[in-house]
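K.L.:
Take a look at this one; I'll ask things after.
What follows is calculated from the coordinates using simple rules that are stated; it is not laboratory data. No experiment lies behind these values; they were computed from the predicted model shown. FYI the Cβ positions are ideal-geometry reconstructions off the backbone, even for glycines, and counts take in every protein chain you see.
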Amino acid sequence: MDEQLKNELRRQGVVATTLQELYNWGRKSSIWPLNFGLACCAIEMIATTMARYDLARFGAEVFRPSPRQADLMIVAGTVTKKMAPQVVRLYNQMAEPKYVISMGACAISGGPFKQGYNVLKGIDRYIPVDVYIPGCPPRPEALLDAFLMLQRKIDEQQLTGPDRPRHLQAELPSEFTVPECSEHDLTPTRNDAIWQVPLVNISNAGKNESGRD
Amino acid sequence: MTNHMYLPVIVLLIAGAGFAIGPLALAWVWAKKFSPQKSGPTKNAIYECGLESNGDAWIKFKPGYYIYAIIFLIFDVEAVFLLPFAVAFGGFTMAQSISMLVFLILLVEGLVWACQKNVLSWS
Amino acid sequence: MNLEEIKSQIEANVPGCSLEILPNGSPSGQHSLLVDKEHALTVASFLRDGASPRFDYCSNVTGVDWPLKEISTKQKTKKLVDGVEKDVEEVIKTTTGNYLEVVYHLFSLEDRQGPLVLRMRTEDRAERVHLPSLTPVWRSADFQEREVYDLFGVLFDGHPDLRRLLMWDSFTDFPMRKDYVDPDDYEYEPTAHDEVLKRTQAHYAAQGEPSEAEGAR
Amino acid sequence: MSVLTEASIDTISKPANDHLHGDLLEISMGPHHPSTHGVFRMNIVLDGERVVKLKPVFGYLHRNHEKIAENETYLGSMPYTDRLDYICSITNNWAYALAVEQLAGISVPERAEYLRVITGELTRLQNHAGLIGFLLQDMGASGTPLMYAFREREKVLDLFEALTGARMMCNYMRFGGCRCDLPDGWMEQARKVVDGFPRFLDEFERLLRTNEILMARTQGVGIVTRQQAIAAGISGPMARASGVNYDLRKVDKYSIYDRFSFRVPLGEHGDVYDRYMMRLLEMRESIEILKQAMRDLPAGPIVDPNTKLRNFRPKAGEAYGRIEAPKGELGFYLISEGGPNPYRYRVRPPSLINLTLLEEMCLGQNVSDIVIILGSVDIVLGEVDR
């Protein structure tokens, strides 16, 4: 069933598709985001759902307050250390298949508040993130682009075979350790299963300016 | 002859059930074959705004709610009884309408008693 | 509304309190009034009820940390050096600071009077950090005093509900103090330069990993 | 971890334990809740539907703005002030610039003052429009009023984007003036937006002012008396709804507000309905100010030529500058030791202090009223937790 035959059939009004395409098409066109605004990016997220930028064109205007009925968690804003356990617990309570968009520089890596003692340097230390949107706050068009990127990612997911997505593989965990707020910091400070320090050879970093080996 | 008369109803029943159960069965088969069950301790925990919920939700509620519900139930059922009465409103003899009137007055008298004991007023 | 007139008013009505006017170097001219700890509550209730412009609106409560600081000032003094008068440069070491300070900005609503800056200081920064809470006088100081307790560690006696306002309850140290070292949740900066580089090497020394780790572990 | 331990529930004065009263239920309208305008949490103890005790919990968006500002230069903190009250960024810049100008004694040229007033009042318009949309959404009219409100807000954001380059984080003010001058054609566009605003307000008033549902749900709910407001340091539209005649534009007469004639609306009851109407009436006054400011906007420099921005070291001293931000009195208290960065940098957050009376307002009300009362206080978590 090559592409050329499919187009020919489509022109005659017959649609030929595989079960996997239908499955992915259905899921990607109706992603229900979790109503989860933290800071300034949340206002830009709300502006995206409003009439002018209209997230409804991509089937995602239904913002569900409870994690049980949401497919996508948009971490929009600064994740502080006091809020991190709640974010991870909400992610754990979401139903499979679930995706995470890390919106804004704060959610990616702490952003302008990186030196804050109460700021988590990026949410991907505790939960796996699918799409990152840089910007502070990213423009509504950037968020729409993130949705398109996520939809492309869902489109390429395989129903069978080794590289099935996380929710189709029984052995991949769907829950991640919820950090604790202890005396001085969060314990554990990061989830080593999913986040490694981006190590670059720093021994001779002092000598040449570039810091790369 | 008689069973023919009911044949369409039975066919309709089966078709309706089929339409209802078919997708559910398909979803169940799909879930069994493709997406594995991934329940876990925090996933099944009670959702309380992202926090661990403490305390128990099974508490002794104000009886006012229960009384409110009962009174609503009574008048809901009364409305069901009134439906055939309203449909065949034309051809009623005197006796039939009087008996219906007694039914209605009994219920209204109950409502007046409830309001007089101001059970419905929300303190 | 000048500060001296209010100071005399307070001294007249609140016996035995020691007031001091601290000049303010910036052209904003907002000089402040240092009140001693013991009489702060009576002074506050007098300011709110008795003073001529009634200061009934406490707009801002701020905590300031003044750690111990050595100031060496050079002074020219005439000194007899083997019988001959010569002016000699002398370095005098004076220490200032070593207390926590709470600053209140008070305004009068009826008479539209400008900020009266009230200051209170603790004895030192370690144990004796108690100060009287002015929340019974001005309700607006409630959350702000809880924040000063949370970020600086000043214990307010008489505060209705002194808990941490911003940090989580099991947090132990006071982050806004000048000598607070925040936890080493270190992350590599792409361009390793000066103190980031020092922190990187310190981090690896502490963790005992070989600093020549090639690529991802 | 619940702030109200089991012991504290029993101490709550429970009415006579007759059989008509059920147990008390302790819930937390927690950090992740659709109605809390961000990550704000309230621990509530309920008797049936009535609120018996309410303790707000802050700190979920504490981003250590003041600690970072101590290691930042004076100018370096200016973009951070955008993220304080992230809905009205220009008024934050204005308050910070005003405080530093008082600290260092910098004067501001005429045109810059007019530009500040114009952009400041535009920020007030879009903040109040957004707030009315959110307040009605909290009341259950989900979606539609917010759509109208954001349609107006987008028009104002387009103006900001043309002027400063950014929609929300304008970073527009400098010590002694503004960063950039008006692009050509901006003034006509601004006039069009300002002339179109009253139509939006009339539309809202016609639809909602005498709407029985709105009146039934908001009148007499969450009352704050005049004395309570003054004692609790409440400022801004919420204080004026309780009859406190204290508008910093009239009291401090900062910048050039004494040149404009505008009225300050006052409420009598101090309930949610008054606060809602306060925002509507204030928008009309802002439109008056904008018209006058646009009419006599002078030419001239927009920055005081002799302020040096590079290594700006004010003399040792301190200053407290404040303005009438859309949410209330926004103040900056700066202590300088003569160095390039401030020794102590403190923000007086109107949203946090307006929440002081949240418990008094909500006691005895229904759970659904808490949502409206919190909405009418108009808090933004970036400013509450700093």
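K.L.:
As a test of the formula, what do you get for chain D when each DSSP H run with n ≥ 4 contributes -39,500 (n - 2.57) and the sum is divided by the residue count, at 222 nm and rounded to the nearest 500 deg cm²/dmol? Intermediate results must be reported in sequence, preceding the final value.
P.N.:
On the way: 16 runs with 178 residues, N = 386.
So the calculated ellipticity at 222 nm is -14000 deg cm²/dmol.
K.L.:
Loop only by DSSP, 12 or fewer other Cβ within 10 Å of the Cβ. Give me the trypsin sites (Lys or Arg not before Pro) in segment D:230-310 that pass, ordered by residue number.
P.N.:
Sparse-neighbourhood loop trypsin sites (Lys or Arg not before Pro): D:LYS253, D:ARG263, D:LYS308, D:ARG310.
K.L.:
Continuing with the same structure: Leaving out same-chain residues fewer than 8 places away, which lysines sit with a Cα under 20 Å from that of C:LYS86?
P.N.:
Excluding near neighbours in sequence, the set is C:LYS74, C:LYS76, C:LYS78.
K.L.:
So how tilted is helix A:40-49 from the main axis of chain A? Cα-based, degrees 0 to 90, rounded to 10.
P.N.:
10
K.L.:
Give the order of A:TRP25, D:TRP94 when sorted by the count of other beta carbons within 10 angstrom, beginning with the fewest. Present the calculation step by step, with values, prior to reporting the outcome.
P.N.:
Details: A:TRP25 14, D:TRP94 27.
Taking fewest neighbouring Cβ atoms as first place, the list is A:TRP25, D:TRP94.
K.L.:
Taking other Cβ within 10 Å of each residue's Cβ, how do B:LYS38, A:LYS98 sort, fewest first?
P.N.:
Working: B:LYS38 16, A:LYS98 21.
Lowest to highest Cβ neighbour count: B:LYS38, A:LYS98.
K.L.:
Along the positive direction of the dipole of chain C (beta-carbon charges: Lys, Arg +1; Asp, Glu -1; about the Cα centre), which of C:VAL91, C:ALA51, C:PRO132 reaches farthest?
P.N.:
Final value for the positive-end residue is C:ALA51.
K.L.:
With only Lys, Arg, Asp and Glu charged, each at its Cβ (+1 for the first two, -1 for the last two), find how big the charge dipole of chain D is about the Cα centre; round to the nearest 20 debye. Please report the intermediate quantities before stating the final value.
P.N.:
Working: 45 positive and 50 negative charges, 209 e Å.
Here the size comes out at about 1000 debye.
K.L.:
Kindly express, to the nearest 10 degrees and within the range 0 to 90, the angle between helix A:84-93's C-alpha long axis and the longest C-alpha principal axis of chain A.
P.N.:
Tilt relative to chain A: about 30 degrees.
K.L.:
Can you list the HN-Hα couplings for segment A:184-195, worked out from phi with the Karplus curve (6.51, -1.76, 1.60; θ = phi - 60°), rounded to whole Hz and with x for Gly and Pro?
P.N.:
Using θ = phi - 60°, the values come out as 10, 7, 6, 10, x, 6, 7, 9, 5, 5, 10, 9 Hz.
K.L.:
A further question on this structure: Quick one: which residues, 5 or more positions from C:TYR99 or on another chain, have an amide H under 5 Å from its amide H? H modelled 1.01 Å from N in the peptide plane, none for Pro or chain starts.
P.N.:
C:TRP66
K.L.:
Relative to the longest principal Cα axis of chain A, at what angle does helix A:140-155 sit, 0 to 90 degrees, rounded to 10?
P.N.:
Around 60 degrees separate the two axes.
K.L.:
Right, next: Arrange the following residues from fewest to most other Cβ atoms within 10 Å of their Cβ: A:LYS82, C:LYS198.
P.N.:
On the way: A:LYS82 24, C:LYS198 12.
Final ranking by Cβ density, sparse to dense: C:LYS198, A:LYS82.
K.L.:
Which GluC sites (Glu not before Pro) in segment A:41-146 sit in a loop by DSSP (not H, G, I, E or B) and have at most 15 other Cβ atoms within 10 Å of their own Cβ? Mind dumping the intermediate values first?
P.N.:
Values: sites: A:GLU44, A:GLU61, A:GLU141; in loops: A:GLU61.
Loop-located and lightly packed - A:GLU61.
K.L.:
Also, quick follow-up: How large is ³J(HN,Hα) for each residue in segment A:52-67, as worked out from phi by the Karplus curve 6.51 cos²θ - 1.76 cosθ + 1.60 (θ = phi - 60°), to whole Hz, x for Gly and Pro?
P.N.:
6, 9, 6, 5, 5, 4, 9, x, 10, 8, 7, 9, 8, x, 9, x
K.L.:
Nearest 20 debye, what's the magnitude of the dipole of the protein assembly as shown about its Cα centre given +1 on Lys and Arg Cβ and -1 on Asp and Glu Cβ?
P.N.:
Numbers: 101 positive and 120 negative charges, 281 e Å.
Charge dipole, the protein assembly as shown, about its Cα centre: 1340 debye, nearest 20.
K.L.:
What number, in nm² with one decimal, is the all-direction average of the projected area of the convex hull of the alpha-carbon atoms of segment D:65-385?
P.N.:
Numbers: hull surface 62.2 nm².
Taking the Cα atoms of segment D:65-385, their convex hull projects to 15.5 nm² on average.
K.L.:
What net charge do the residues around D:ASP202 carry, taking every other residue with its C-beta under 12 Å from that of D:ASP202, with Lys and Arg at +1 and Asp and Glu at -1?
P.N.:
On the way: positive: D:ARG199, D:ARG206, D:ARG209, D:ARG284; negative: D:GLU203, D:GLU205.
Charge balance in the 12 Å sphere: +2.
K.L.:
Got a sec to turn the phi values of segment D:261-270 into Karplus ³J(HN,Hα) couplings, 6.51 cos²θ - 1.76 cosθ + 1.60 with θ = phi - 60°, whole Hz, x for Gly and Pro?
P.N.:
Going residue by residue, I get 9, 8, 9, 10, x, 10, x, 10, 8, x Hz, with x marking Gly and Pro.
K.L.:
Then there's this: To the nearest 20 Debye, how big is the dipole of chain A about its Cα centre, given +1 on the beta carbon of each Lys and Arg and -1 on that of each Asp and Glu? Don't jump to the answer; show the numbers that get you there.
P.N.:
Values: 24 positive and 24 negative charges, 78 e Å.
Charge dipole, chain A, about its Cα centre: 380 debye, nearest 20.
K.L.:
Using only the alpha carbons of segment B:1-73, determine the length spanned along each of the three principal axes and report them from longest to shortest in whole angstroms.
P.N.:
64, 48, 14
K.L.:
Compute the Cα gyration tensor for the protein assembly as shown, then decide on rounded, prolate or oblate, letting a ≥ b ≥ c be the square roots of its eigenvalues: rounded whenever a/c is under 1.5, prolate when a/b is larger than b/c in the other cases, and oblate in all that remain. Each step should come with its number before you reach the end.
P.N.:
On the way: a/c = 1.79, a/b = 1.39, b/c = 1.29.
Here the protein assembly as shown falls in the prolate category.
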